[in-house]
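The values are calculated or read from the model by the stated rules, or taken from the named source; none is laboratory data. Here the structure is a predicted model, which is why all the values come from computation and not from measurement. Here the Cβ positions follow ideal geometry from the backbone for every residue, glycine too, while neighbour counts run over all protein chains shown. Note: areas computed on protein heavy atoms with side chains; ligands, DNA, RNA excluded. Shrake-Rupley method; radii C 1.70, N 1.55, O 1.52, S 1.80 Å.
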Amino acid sequence: MFKMNCEPLSPELSKELCERSKTALSVLIPLLAFSSSKALQAATLGLLLYTVSLHALTCMGYFLGTSIFTCACLHAVPFMGICVIATIELVLLVRSPCVIFMVLVLCILPPFVGGLQRIWRIQGKASAAHLEGCGRTNRAVNTEV
């Protein structure tokens, strides 16, 4: 079962999250430039501002004392927003209900599953680092985790 990791964010994971937010920024700028709808441009601009703020705070080390789960969730927002905006753009271009349904299933489901796997991987990395720091590598032996 999924267990929330309340350990503080490490500097290594902070660097990785900083790189991920740069990737999100690289995708959001073209989305803003080529969006066909004014409402989607406004949503993309809001997401862009959120991502810039998140990137700046992460690079400055603001989240170093924050739990890993919280940071992973905060950094998942830009990528989920990109997927939703791109899907809406596709729906606006295609008028067939059958194609719209297939686009929604094929465009939203994989990033959602990938985002969940990413959160679990970050949780697992931090737990492994914590166990190594305690001098124990077996979860069954380590009752503190």
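Just need a number here: residues in the stretch 26-47 that are closer than 27 Å to residue 67 by Cβ and either surrounded by 14 or more Cβ atoms within 10 Å (Cβ to Cβ) or at pLDDT below 85 (or both).
3
Is it the case, given these coordinates, that residue 95 is within 24 Å of residue 7 (Cβ to Cβ), without any contact (Cβ under 8 Å) to a residue 40 or more places away in the chain and open to solvent by 30 Å² or more (accessible area, probe 1.4 Å)?
No; evaluated as a whole, the condition is false for this residue.
Could you list, in sequence order, all residues of the stretch 48-82 that are open to solvent by 20 Å² or more (accessible area, probe 1.4 Å), touching a residue at least 60 places away in the same chain (Cβ under 8 Å) and in contact with a helix residue (DSSP H, G or I) (Cβ under 9 Å, 6 or more places away or on another chain)?
Result: 69, single match.
Somewhere in the stretch 122-138, is a residue out of contact with any Lys or Arg (no Cβ under 9 Å at 6 or more places or on another chain), at pLDDT below 80, open to solvent by 70 Å² or more (accessible area, probe 1.4 Å) and under 24 Å from residue 32 (Cα atoms)?
For the stretch 122-138, residues out of contact with any Lys or Arg (no Cβ under 9 Å at 6 or more places or on another chain), at pLDDT below 80, open to solvent by 70 Å² or more (accessible area, probe 1.4 Å) and under 24 Å from residue 32 (Cα atoms): absent.
In this structure, is residue 23 surrounded by fewer than 18 Cβ atoms within 10 Å (Cβ to Cβ), within 13 Å of the chain's Cα centre (by Cα), within 21 Å of residue 118 (Cα to Cα) and of a type in the set (S, T, N, Q)?
Judged against the criteria, residue 23 is a match.
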